[in-house]
Amino acid sequence: MQVIVCRDYAEMSKKAAAFVAAEMKKKPALVLGLATGSTPVGLYDELTALTKKGEITFKQVTTVNLDEYYPIDPANDQSYRYFMNENLFDRVDIDKKNTYVPDGTAKDPAAEGKRYEALIDRLGGADVQVLGIGQNGHIGFNEPADALVLDTHVTDLTENTIKANSRFFASENEVPRQALTMGMGSIFKAKKIILLVNGANKKQALATVLSGALTTAVPATLLNLHPDVTLFCTEDAVK
Ligand code: GLP
């Protein structure tokens, strides 16, 4: 794992954006794996600014998001589809037909997982996958467990995640108890991964990742097995 420690959130977002922009310039029809949460917002702001300046274009880009709450309507302002529209898709020149997020309204979530995995395969996996990390070390919604799941699947959220994510909802009761998420194998189909970690509250999870440990109790540690991961983190997440 290549580690890039940044002074603060603004620098982390800029450096991560420069990385993604360089990949978009190399391959205009990039398949870009995207994440939600507060961490990548700065990256999406920077990518929007670069697009407005005419330095990059999303015209040929396809995006594939990591996860979505289940069940949730895309019109719900807490859905990850809504988040992506607001924070990126509606601000850049992407063709929305080429933006994929698991369907939080699917009647059969297991079937939706299979459909989404087939889509990832059809795209040949992400060229670059953006990841954040949960306080408990989850990536996407691959929560700490005795065993992790390979493909896109429906999963129960842990109490820790429900609590952490309740800050975005009117109350904890409104946080969906399940999610559709890429599995560890779906994430590993990405050729390159960038992991963004901001803030002291991620310190413990990040320290476990950087110790080189491999444990399903901290799913992000499995990234130590991927051949091309770049970590962009803030100083306070490592010191
Ligand atoms: C959610 C998402 C993750 C994200 C995590 C951290 O649970 N499923 O993909 O990495 O939140 O969020 P934040 O960046 O707001 O700390």
The set of residues whose placed amide H lies less than 5 Å from the amide H of Q178, leaving out same-chain residues fewer than 5 positions away, is Y70, L157
Check: C-alpha center the stretch 119-147 vs C-alpha center the stretch 158-189, spacing in Å is 12
If the label point sits 7 Å along Cα→Cβ of D121, residues of the stretch 77-108 with amide N under 20 Å come out as 100-103, 108
Quick shape check on the stretch 12-112: root eigenvalues a ≥ b ≥ c of the Cα gyration tensor, a/c under 1.5 is rounded, otherwise prolate if a/b tops b/c, else oblate, and it reads prolate
Using alpha-carbon positions, the gyration tensor of the chain gives root eigenvalues a ≥ b ≥ c; with a/c under 1.5 called rounded, otherwise prolate if a/b exceeds b/c, else oblate, the class is rounded
Note to self, the chain gives a 222 nm [θ] from helices alone (DSSP H runs n ≥ 4, -39500 (n - 2.57) apiece, / all residues, nearest 500) of -9000 deg cm²/dmol
With the 1.4 Å probe rolled over protein heavy atoms, the stretch 2-193 has an accessible area per residue in Å² of 44
Residues meeting the amide H criterion for Y100 (H placed from the backbone, H to H distance under 5 Å, 5 or more places apart or on another chain) are T63, V64, N65
In nm, the gap between the two label points placed 7 Å beyond Cα toward Cβ at R167 and A147 is 3.4
Counting sequence-distant residues (5 or more places) and residues on other chains, those with an amide H built under 5 Å from that of L231 are Q2, V3, I4, L195
Rounded to one decimal in nm, the spacing of the 7 Å Cα→Cβ label points at D73 and Q204 is 3.8
DSSP beta bridges in the stretch 27-177: the antiparallel percent, rounded to 5, is 10
On the accessible surface of the stretch 2-193, probed at 1.4 Å with all protein chains in place, carbon and sulfur together account for a percent value of 52
Per-residue accessible area, 1.4 Å probe, largest first, puts E159, E11, E172 in the order E159, E172, E11
Ignoring ligands and nucleic acids, L66 exposes an accessible area, probe 1.4 Å, in Å² to the nearest 10, of 0
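The values are calculated or read from the model by the stated rules, or taken from the named source; none is laboratory data. Note that this is a predicted model, so its numbers are computed, not measured. Neighbour counts are summed over all protein chains in view; Cβ atoms, including those assigned to glycine, are modelled from backbone coordinates with ideal geometry. For the accessible areas, the whole protein counts, side chains as well, though only heavy atoms, and no ligand, DNA or RNA atoms are used. Shrake-Rupley method; radii C 1.70, N 1.55, O 1.52, S 1.80 Å.
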